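Participant: Let me begin by handing over the structure; questions about it come next.
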Amino acid sequence: MKTLIKVFVAILAAILLIAFVLSIVYGLDMIAVTKTMNQFMSAMSNGDIEMAYSLFSTQAQAKFPITKLKQALEENPDAYIGFEKMGCSVIQYETYYPGVDTLDPPLGKTARIDGCIIYKNDYNDKLGSVTAFLEKEESGWRILFINPVFRGKK
């Protein structure tokens, strides 16, 4: 009976250790994903197309030219002007985003983000949201697809 209790305690300790390690890894990924998203939105807010484009994955850059990103900024500047930070409300890992049908299935770890865009001093009472799909590459989390949406005034 004592052996059975020791085995049970050892298994429980191993499960708790694994859960702890996974929570740390998840937390680090969440920080890195949010950082990439904030860097992208900040670069677009500042008109730094080259910096914003550098945050796209290798696969996305091969199929999405920088001229399209410049066009997106010209067509939808309100989504970026006055950007302060992005808040992630949902991050799902290991997902496939069906809206990205022009890209090959990602080969690495992926994340889908749904969040809100927070503007400086409620810049003109703007509301914004963002949906993005990222892939983890050797250089870090990189954007496969992003769709910031300006929703108008509060």
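What follows is calculated from the coordinates using simple rules that are stated; it is not laboratory data. Here the structure is a predicted model, which is why all the values come from computation and not from measurement. Every residue, glycine among them, receives a Cβ derived from its backbone with ideal geometry; neighbour counts consider all protein chains shown.
Participant: Given labels modelled 7 Å from the Cα in the Cβ direction, how far is it in nm from Q71 to R151?
Facilitator: 2.8 nm
Participant: When a footprinting reagent is the concern and you count Cβ atoms within 10 Å, what order do I118, I113 take, fewest first?
Facilitator: I118, I113
Participant: Can you check what the net charge comes to around K70, using other residues whose Cβ is under 13 Å from the Cβ of K70 (Lys, Arg +1; Asp, Glu -1)?
Facilitator: -3
Participant: Taking other Cβ within 10 Å of each residue's Cβ, how do M37, M30 sort, fewest first?
Facilitator: Taking fewest neighbouring Cβ atoms as first place, the list is M30, M37.
Participant: Kindly put L127, L69, L55, L134 in sequence by how many other C-beta atoms sit within 10 Å of each C-beta, fewest to most.
Facilitator: L127, L69, L55, L134
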